[in-house]
């Protein structure tokens, strides 16, 4: 089996796309789709074993992948990593700023160290990666950047550190889109809602019931798929989005629109099979998170 992308074959032929957090979840899926569409994918993360596993999958599927261990929070490490990719691959056409993470905690229990760690992963790291891709290649040649944020519209209770960082990344996206436009660089963001991704399995077991119940708060009545998120990312990197910059594309089934006073009515089984709302899952290697199968 191969990746069943909705985009035309060879769309990114000859291009190089950097994907941070490429060893699992949405990053892994996006790397597979970009590789299936002809890009050489540079996978970046902190776990060499995970990166090599994904690179092996891509090679088995006929694609091309490079790997580089890098802590995106470390400025010098990011600088060296991007320089190495330019040296080995000769160019960087696209960046998917996907690396990040958070933990469940109310604001009053978050320490300064915990706050700083989450902000560094979800905001500072993305800034450093984008800045170095711009400095070392895109300023002279153009390119496209997609920053991954989150469904933080209206607040992120029990994840206030992440919500603040993601909101900051939206502002960074808008500013970079303006400052770098003259160099032919487009900068956008994708905001995933409740996506059935391997990241769900990183939360503690006691979070399981809450995670499984989240689909009931989505107007479309289900979790999103990794492939649906990847498709949004690929669109924003593609020529079809050549006049889109400084924007955020939500992939959330209208979750932020849920309001008190409006009755929650998710699609029934028959309606859920209609093409307009049926789940798209083009990723042939996707697996259901363990927590959702319990």
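The values are calculated or read from the model by the stated rules, or taken from the named source; none is laboratory data. Keep in mind that what you see is a predicted model, and the values were worked out from it rather than measured. Here the Cβ is made from the backbone with ideal geometry for all residues, glycine too, and neighbour counts use every protein chain on show.
Residue count for the range 57-103, restricted to those that are in a loop (DSSP other than H, G, I, E, B) and either within 26 Å of residue 118 (Cβ to Cβ) or without any contact (Cβ under 8 Å) to a residue 12 or more places away in the chain (or both): 11. Contact list please: Cβ distance under 9 Å, first residue in the range 1-19 and within 15 Å of residue 64 (Cβ to Cβ), second residue surrounded by fewer than 20 Cβ atoms within 10 Å (Cβ to Cβ) and modelled with pLDDT under 95, pairs at least six apart or on different chains. Taking only residues 6 or more apart or on different chains, the pairs are 2/284; 3/284; 3/285. Note on the range 216-264: residues that are under 27 Å from residue 144 (Cα atoms) and part of a loop (DSSP other than H, G, I, E, B) total 11.
May I ask you to list the residues in the range 194-215 that are loosely packed, with under 14 Cβ neighbours inside 10 Å and either touching a helix residue (DSSP H, G or I) at 6+ places or on another chain (Cβ under 7 Å) or in a helix (DSSP H, G or I) (or both)?
In the first step, residues of the range 194-215 are kept if they are loosely packed, with under 14 Cβ neighbours inside 10 Å; the result is 204-206, 209-210, 213.
If the condition is that a residue be loosely packed, with under 14 Cβ neighbours inside 10 Å and either touching a helix residue (DSSP H, G or I) at 6+ places or on another chain (Cβ under 7 Å) or in a helix (DSSP H, G or I) (or both), then 205, 206, 209, 210, 213 are the ones that fit.
Scanning the range 126-176 for residues that are outside any helix (DSSP H, G or I), surrounded by 18 or more Cβ atoms within 10 Å (Cβ to Cβ) and at pLDDT 95 or above gives 143, 144, 145, 146, 147, 148, 149. Filtering 114, 126 for residues that are within 23 Å of residue 155 (Cβ to Cβ) and within 16 Å of the chain's Cα centre (by Cα) leaves a single hit, 126. Number of residues in the range 248-272 that are surrounded by 11 or more Cβ atoms within 10 Å (Cβ to Cβ) and more than 15 Å from residue 152 (Cα to Cα): the value is 5. Reported count of residues in the range 21-30, each being in contact with a helix residue (DSSP H, G or I) (Cβ under 6 Å, 6 or more places away or on another chain), assigned to a helix (DSSP H, G or I) and surrounded by 24 or more Cβ atoms within 10 Å (Cβ to Cβ), is 4. One residue stands out among those in the range 73-94 that are in contact with a strand residue (DSSP E or B) (Cβ under 7 Å, 6 or more places away or on another chain) and over 18 Å from residue 120 (Cα atoms): the one that is surrounded by the fewest Cβ atoms within 10 Å (Cβ to Cβ), which is 88.
Filtered by the rule that a residue be on the phi > 0 side of the Ramachandran plot and in contact with a strand residue (DSSP E or B) (Cβ under 8 Å, 6 or more places away or on another chain), the range 117-171 gives 142, 143, 158. Applying a threshold of 6 Å to beta carbon distances and a minimum spacing of six or more residues, or different chains, the list of pairs starting in the range 137-165 at a residue that is free of Cβ contacts under 8 Å to residues at least 24 places away in the same chain and ending at one that is surrounded by fewer than 21 Cβ atoms within 10 Å (Cβ to Cβ) reads 163/152; 163/156. Total residues in the range 1-20 satisfying the condition of being closer than 17 Å to residue 283 by Cα and crowded, with 24+ Cβ neighbours inside 10 Å: the figure is 1.
Taking the listed residues 36, 42, 55, the one that is crowded, with 24+ Cβ neighbours inside 10 Å, touching a strand residue (DSSP E or B) at 6+ places or on another chain (Cβ under 8 Å) and modelled with pLDDT of 95 or more is 42, with no other qualifying.
Whether any residue in the range 227-235 is exposed (fewer than 15 other Cβ atoms within 10 Å of the Cβ) and in contact (Cβ under 8 Å) with a residue 12 or more places away in the chain is what I want to check. Spell out the reasoning first.
Here is the first cut: in the range 227-235, the ones exposed (fewer than 15 other Cβ atoms within 10 Å of the Cβ) are none.
Among the residues of the range 227-235, not one is exposed (fewer than 15 other Cβ atoms within 10 Å of the Cβ) and in contact (Cβ under 8 Å) with a residue 12 or more places away in the chain, which makes the answer no.
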